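Q: Below you'll find the structure I mean.
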Amino acid sequence: MSITRSTTTHHTISRGAFLRGAALAAGGAIGTAGLATATGSRSGGLASASAAGDSSPVPPFFEGSVFGDALHDRADGYIASFEDLYPENENVEGRTGRVTSLSAKELAGIMSIRMFEPADNESGETFTPKVAEGIGLDEATAVRFVGDQGSERVGSARLTRTANDRSSGVLLTMTPRGHEPFEYPAGARLCWTRFLDAKSPKGVSTAAATEMLENAYGFSFAEEGTNPTRTRSVKVFDDGLHIRGEARYGTSGPWTTWLGVALPADPGAAHPGEDGWSYLFGMVPKG
């Protein structure tokens with residue numbers, strides 16, 4: 001099979017853009033140029049690439065989880081950020097090797113959690129994370145964000161496996177109910193990217209889907225520089241609800257299959273008042 005690539009040949013990774021939780025910051029964020037091309041202008045629509053007639057892309061491993069066949073509403077909860085903890089672990093002070101556990105103090109100090117700011121924070125309120133307990137790999141715990149003007153937001157932080165065998169990541173979701181809003185398959189490998197400039201995931205193009213899989217996968221391996229992720233056989237299903245494709249890092253790594261699901265996301269401070277969408281990808285087990 002030939003490798004499916006977008007018109008953007010080389011992508012770069014920007015830690016600063018990622019920690020803002022949006023691929024729109026200056027400085028060559030991973031996939032920034034490609035996303036701008038693939039998603040179109042904020043007022044324009046997207047070229048439809050729905051794989052009509054194809055069977056459901058959701059394998060048994062993902063059934064009953066957030067990767068199922070229902071479009072989630074923002075009221076159910078939304079993804080605020082996904083911070084990769086690389087083997088060098090500069091994100092976690094004093095730690096070396098793969099992060100498989102985080103104390104409550106370490107979790108509260110994770111940059112994407114420490115820098116959390118809701119998009120509707122028009123007053124400029126500063127939020128401080130409060131974490132009661134630590135977590136291990138594939139576990140989650142509640143995070144209270146207490147504002148200096150009396151506001152409070154509730155989130156759930158999960159320490160998860162990523163596309164990179166040597167790294168892990170912290171997935172932050174926000175929920176009005178005070179607990180983790182989504183279900184995940186046990187031991188799932190996850191990666192994530194934002195999808196802005198769209199009212200809904202309906203009609204997402206194959207080019208945009210390819211770009212987002214490359215972005216999400218690439219962040220599992222590096223925080224700066226050229227993104228050598230390759231993708232192939234990328235398809236869009238269910239009017240944009242699902243994306244499925246293969247990816248690998250560079251030219252020598254193994255190909256792995258990934259299923260993406262459209263989920264609400266905080267649109268970021270640059271786009272207050274908009275709904276915001278993103279794609280969470282999970283690796284499909286072999287066999």
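Q: Spin-label point model (7 Å from Cα, Cβ direction): what's the Thr226 to Glu125 distance in nm?
A: That separation, rounded to one decimal, is 4.6 nm.
Q: Can you tell me the Rg and Dmax of segment 68-115, counting just the alpha carbons, in angstroms?
A: When restricted to the Cα atoms of segment 68-115, Rg and Dmax are 14.3, 42 Å.
Q: Report ³J(HN,Hα) in whole Hz for each residue of segment 95-107, in order, from the Karplus equation J = 6.51 cos²θ - 1.76 cosθ + 1.60 where θ = phi - 60°; Gly and Pro get x.
A: Going residue by residue, I get 9, 10, x, 5, 7, 10, 7, 9, 6, 4, 5, 5, 5 Hz, with x marking Gly and Pro.
Q: So what does Glu63 come to for accessible area, using a 1.4 Å probe and Å² rounded to 10?
A: 120 Å²
Q: Still on this structure, I have one more. With every protein chain kept in the model, how would you rank Tyr249, Tyr279 by accessible area, 1.4 Å probe, largest at the top?
A: If we order Tyr249, Tyr279 from most to least accessible, we get Tyr249, Tyr279.
Q: Loop only by DSSP, 13 or fewer other Cβ within 10 Å of the Cβ. Give me the trypsin sites (Lys or Arg not before Pro) in segment 184-231 that pass, ordered by residue number.
A: Those satisfying the criteria are Lys199.
Q: For Val143, which sequence-distant residues (separation of 5 or more, or a different chain) have an amide H within less than 5 Å of its own amide H, given hydrogens modelled in the peptide plane?
A: Gly155, Ser156, Ala157
Q: Find the accessible area per residue for segment 143-265; the probe is 1.4 Å, ligands and nucleic acids are left out, and the unit is Å².
A: Each residue of segment 143-265 exposes 33 Å² on average to a 1.4 Å probe.
Q: Within segment 119-139, find all residues whose amide N lies under 15 Å from a label point positioned 7 Å from the Cα of Ala186 along Cα-to-beta-carbon.
A: Only 137-139 pass the distance filter.
Q: Sequence gap at least 6, Cα distance under 8 Å: using those rules, report the relative contact order of segment 118-255 to the nearest whole percent.
A: Answer for segment 118-255 is 15 percent.
Q: May I pose another question? At a probe radius of 1.4 Å, what is the per-residue accessible area of Asp148, in Å² to the nearest 10?
A: That residue has around 100 Å² of solvent-accessible surface.
Q: Moving on to the next point. Each residue of segment 253-260 in turn: what ³J(HN,Hα) in whole Hz from Karplus with 6.51, -1.76, 1.60 and θ = phi - 60°, glycine and Pro shown as x?
A: Rounded to whole hertz, the list is x, x, 6, 10, 9, 10, 10, x.
Q: Over segment 87-141, with a single point scatterer placed on each C-alpha, what log10 of the ratio I(q)/I(0) does the Debye formula yield at q = 0.23, 0.25, 0.28, 0.29 1/Å?
A: For the requested q values the scattering log ratios are -0.93, -1.02, -1.16, -1.20.
Q: Still on this structure, I have one more. Which lysines does Lys105 reach when only Cα atoms under 29 Å apart count, and residues fewer than 8 places away in its own chain are ignored?
A: Lys130
Q: Could you grab the relative contact order for segment 96-161? Cα pairs under 8 Å, six or more apart, rounded to a whole percent.
A: 30 percent.
Q: Determine the relative contact order of segment 127-169: mean sequence separation of Cα pairs under 8 Å and six or more apart, normalised by residue count, in whole percent.
A: 33 percent
Q: Would you work out the Kirkwood radius for segment 77-196? I mean one over the mean of 1/r across all pairs of different Cα atoms, in Å.
A: Hydrodynamic radius (Kirkwood, Cα only) of segment 77-196 equals 14.6 Å.
Q: Here's a follow-up. By what distance, in whole Å, do the Cα atoms of segment 146-287 stretch along each of the three principal axes, largest value first?
A: Ordered largest first, segment 146-287 gives principal extents of 52, 34, 33 Å.
The values are calculated or read from the model by the stated rules, or taken from the named source; none is laboratory data. Model, not experiment: these values are computed from the prediction. Here the Cβ is made from the backbone with ideal geometry for all residues, glycine too, and neighbour counts use every protein chain on show. In case anyone asks, the SASA skips ligands and DNA or RNA and just uses the protein heavy atoms, side chains included. Shrake-Rupley method; radii C 1.70, N 1.55, O 1.52, S 1.80 Å.
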